[in-house]
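Accompanying notes for the structure given below.
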Amino acid sequence: MEQSKPTSLEQVPEELSDPLPSVVVDHDRLKKLLDLVVKKSNNLSVDQLERLYSLLSQCIYRHRRDYDKSRLIEEMERTVHVFETFL
């Protein structure tokens, strides 16, 4: 008897595929980060706002595959604090 081998065109049964993990976000900490960014950006010029946006976007891109967003929020908090020292 010849055994059938699965081809690349066949679908993997759902029960065999790994479920995606949940995204973990500390909503309170994220809200505090938002408040901090609003406060720190209050009197910035358009150029400074664009630079801050760029830095925060880079953080998001670096952590895009993380399901636990805690390190992302930490990095963004550091970025906002460090950004202030360059003004």
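Worth pointing out:
- Within segment 44-58, being among the aliphatic types (A, V, I, L, M) and touching a residue at least 24 places away in the same chain (Cβ under 8 Å) holds for L44, L52, L55, L56.
- For segment 59-87, filtering for residues that are free of Cβ contacts under 8 Å to residues at least 40 places away in the same chain, exposed (fewer than 12 other Cβ atoms within 10 Å of the Cβ) and not aliphatic (A, V, I, L, M) leaves 7.
- Long-range neighbours under 7 Å by Cβ, at least six apart or interchain, first residue over 13 Å from E74 (Cα atoms) within segment 21-42, second part of a loop (DSSP other than H, G, I, E, B) and of a type in the set (D, E, K, R): V23/K69; V24/K69
- Taking the criterion of being more than 8 Å from the chain's Cα centre (by Cα), closer than 14 Å to L33 by Cβ and not hydrophobic (A, V, I, L, M, F, W, C), the residues of segment 54-71 that qualify are S70, R71.
- Residues in segment 35-58 that are open to solvent by 40 Å² or more (accessible area, probe 1.4 Å) and part of a loop (DSSP other than H, G, I, E, B) were compared, and the one that is nearest to V25 (Cα to Cα) is N42.
The values are calculated or read from the model by the stated rules, or taken from the named source; none is laboratory data. Quick caveat: nothing in here was measured; it's all calculated off a predicted structure. Quick reminder, even Gly has a Cβ in these numbers, built from the backbone with ideal geometry, and neighbours come from all protein chains shown. With ligands, DNA and RNA removed, areas are computed over all heavy atoms of the protein, side chains included. Shrake-Rupley method; radii C 1.70, N 1.55, O 1.52, S 1.80 Å.
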